[in-house]
1. When the residues of region 14-45 are filtered to those that are open to solvent by 60 Å² or more (accessible area, probe 1.4 Å) and basic (Lys, Arg), which remaining residue is farthest from SER65 (Cα to Cα)?
2. Can you give me the number of residues within region 46-70 that are under 10 Å from the mean Cα position of the chain (by Cα), open to solvent by 60 Å² or more (accessible area, probe 1.4 Å) and within 19 Å of SER9 (Cβ to Cβ)?
Amino acid sequence: MSAQATDVSVNKAAKKLFNFVKTPEEMIELGEKKLKKYIKSIGLFNLKAKNILKLSKILCKNYKSKIPKN
């Protein structure tokens, strides 16, 4: 989330988001519209919301919802 945003704004948004969402499946269930509400304080949040959801789907489909070590 940090491209075009300050670390402070990203950390604030991430804390709120990750208190509510714990897994890629939960991120997908949250959906784009609700995700945007959590990250709207970050620059380019519309595009970032779409990419976060794309990443969540890739993690679920290809990596059993786990972040690969490599």
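1. Within region 14-45, the match that is farthest from SER65 (Cα to Cα) is LYS40.
2. Step one: list which residues in region 46-70 are under 10 Å from the mean Cα position of the chain (by Cα), which gives 48-56.
After this cut, where a residue has to be open to solvent by 60 Å² or more (accessible area, probe 1.4 Å) as well, the list is 50-51, 54-55.
Adding the requirement that they be within 19 Å of SER9 (Cβ to Cβ) leaves 50-51.
The number of residues fulfilling the criteria is 2.
The values are calculated or read from the model by the stated rules, or taken from the named source; none is laboratory data. Everything numeric here is computed off the predicted structure, so don't read it as measured data. As a convention, Cβ positions derive from the backbone with ideal geometry for all residues, glycine included, and neighbour counts pool all protein chains shown. Heavy atoms of the whole protein, side chains included, go into the accessibility calculation; ligands, DNA and RNA do not. Shrake-Rupley method; radii C 1.70, N 1.55, O 1.52, S 1.80 Å.
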